[in-house]
Amino acid sequence: MSETAGLGSLPEAALTAIAELAEPRPPGRLFYCAANSSEAAVKADGRDIPTHVAHCLELMFVQRGSMGVATPGQLLHLVPGHLLVIDIGVEHGEIRDDAPDVVFFAIHGTNVQFDRVSPDHPSESLSLIGRTDLTWIVDAIRREFARREPGFDRAVHALLEYLACILSRRIQRGSHLDVSWVWVRETIDNKAWQAMRTVLGHLAAHFREDTDVEALSRSVGYSSSHLNRFFMRHLGKTMSKCLRDFRIAHGRGLLLHTEIPISDVAQMVGYSDAASFRRAFESATGTKLKGYRKGGSGRERPLNTTAWSDVPQPGS
C-alpha cells in the first residue's frame, strides 16, 4: 500500500509537492528576494499585473511549464527545478502566460499554507497545522540566503528536508484543513483576496489565542461585517467559524490520540473551559464529545460542507 493510500487528491498533491520541496538544488536554481530589496519598484516589463506583499516567508516553484515573477528590481523566470524564496514585506506578482502548475508554501508560526494553482485546479489550498514553531527554520533559511557562503545550498537543502519531514507527517496524520477557494483567484479583487489570506493565516497560526475579529479586520482594511461577507461567499463560513474549526481540528486529534483531560485540551486549543469546548465541538461535528473520546464513530459530519475537510490528529 502506498503512503498516500486513502488520502484525497489534494493531500496527495501536497505530499508530492512536499517531496519536490525537499529535492536538492544547486545555487544557480535557488532565488531569494530579501526584505531589504522591497524599496525598489516591482519590475514587470511594463505590464499591469496584480501584486501583493508577503506577510510571511513564501516558497514557490513550478511543477510544469514556466512562470514570470515580478519582484523589486527584477523579473524572474521560473521553470521546473527552480525554487524562489520571498521574504516578509516583499511586494511581488506572478505572470502565468503559459498556464503553469505552481506550488506555494507560506510559513507563519506553527502553520504552513500549501497552495496549488494550475489550469485544472485553480486556487486549491491546505492549511497544515501543528504544534512545532517553524520560526527558527524560517530564520535559518533567511540567514543562509543572506550570507550565501560556499555550501549554503546544502544547508538550505537540509533545512527544507527537515521542514518536509514535519509537513508530510502532518498530512499523514490528517492535521490539515482544506481552505480552497470557491472562485478562481485571478477573477477576484486583489485587495479582498489578500485580506482573506492574511486573516486566514493569522487564525491558523494563532488559533489558541483570543482573537478580536473586529481589530483583525481593521488591520487589513475592512470592517468585520464587510470581511465576513467575503468569507461567507467564498468559504461558506464567518471568520469566527473558521477560528472555531481550526481549534476543533486540533482538539479532535488530542481527544483521539492522547489521554489529556478534556479541560486541558480545551485550554490547549483556545477555550477557557471544558463546557465552551464541548459546545463548540458538538456544534462543529454533530457528535457528542464523550462518545468521540471513547473511540470516535467516524460518522460525525465534516467541519464544513463546502470547503473544509476533517482534521483528526495533532502533529508536529
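Rule-based calculations on the coordinates, nothing more; no lab input. All values derive from a computational prediction rather than experimental measurement. Neighbour counts are summed over all protein chains in view; Cβ atoms, including those assigned to glycine, are modelled from backbone coordinates with ideal geometry.
Between the helical axis of 135-147 and the dominant principal axis of the chain, each derived from Cα atoms, what acute angle in degrees is found, rounded to the nearest 10?
Orientation of helix 135-147: about 10 degrees from the principal axis.
Can you work out the FRET efficiency for the pair residue 278 and residue 215, with r the C-beta to C-beta distance and R0 = 25 Å, to the nearest 0.05? Mind showing how you got there, number by number?
Details: r = 28 Å, r/R0 = 1.11.
Efficiency, from the Cβ-Cβ distance: 0.35.
Rank by packing, highest mean first: peptides 246-254, 25-33, with packing defined as the count of other Cβ atoms within 10 Å averaged across residues. Don't skip to the answer; put the middle values down first.
Working: 246-254: 25.2, 25-33: 16.1.
Highest-to-lowest ranking by the protection proxy: 246-254, 25-33.
Suppose the chain between residue 147 and residue 267 were pulled fully straight at 0.36 nm per residue; how much longer would it get relative to their current alpha carbon spacing?
Fully extending the segment from residue 147 to residue 267 adds 39.1 nm.
Set the Förster distance to 25 Å, then compute FRET efficiency between residue 191 and residue 36 from the Cβ-Cβ distance, nearest 0.05. Provide the component values of the computation, followed by the final result.
Details: r = 25 Å, r/R0 = 1.01.
It comes out at approximately 0.50.
To test your reading of the geometry: what angle, between 0 and 90 degrees and rounded to tens, separates the Cα axis of helix 152-173 from the longest principal axis of the chain?
Compared with the principal axis, the helix lies near 30 degrees.
Between residue 223 and residue 19, what is 0.36 nm times their sequence separation minus the Cα-Cα distance? Round to one decimal in nm. Show your work: numbers first, answer last.
Numbers: separation 204, 0.36 × 204 = 73.44 nm, distance 3.99 nm.
Working it through step by step, the gained length comes to 69.5 nm.
Mind listing the long-range amide H neighbours of residue 90? Cut-off is under 5 Å, sequence gap 5 or more, other chains count too, H placed in the peptide plane at 1.01 Å from N.
54
If you average the sequence gap of Cα pairs under 8 Å that are 6 or more apart and divide by the length of the chain, what percent do you get for the contact order?
Values: 569 pairs, mean separation 49.6, N = 316.
So the answer I get is 16 percent.
Taking every DSSP beta bridge that has both residues in the chain, what percent is antiparallel when rounded to the nearest 5? Mind showing how you got there, number by number?
Values: 36 of 40 bridges.
DSSP beta bridges in the chain are roughly 90 percent antiparallel.
Using only Cα atoms, find the angle between the long axis of helix 9-21 and the longest principal axis of the chain, and express it within 0 to 90 degrees, rounded to the nearest 10.
Long axis of 9-21 versus the principal axis of the chain: about 50 degrees.
At R0 = 45 Å, how high is the FRET efficiency between residue 232 and residue 161 if r is their beta carbon distance? Nearest 0.05 is fine. Could you put the intermediate results ahead of the total?
Details: r = 40 Å, r/R0 = 0.89.
About 0.65, to the nearest 0.05.
For residue 208 and residue 257, calculate 0.36 nm times their separation in residues minus their Cα-Cα distance, and state this gained length in nm to one decimal. Don't jump to the answer; show the numbers that get you there.
On the way: separation 49, 0.36 × 49 = 17.64 nm, distance 1.90 nm.
Gain in length upon complete extension: 15.7 nm.
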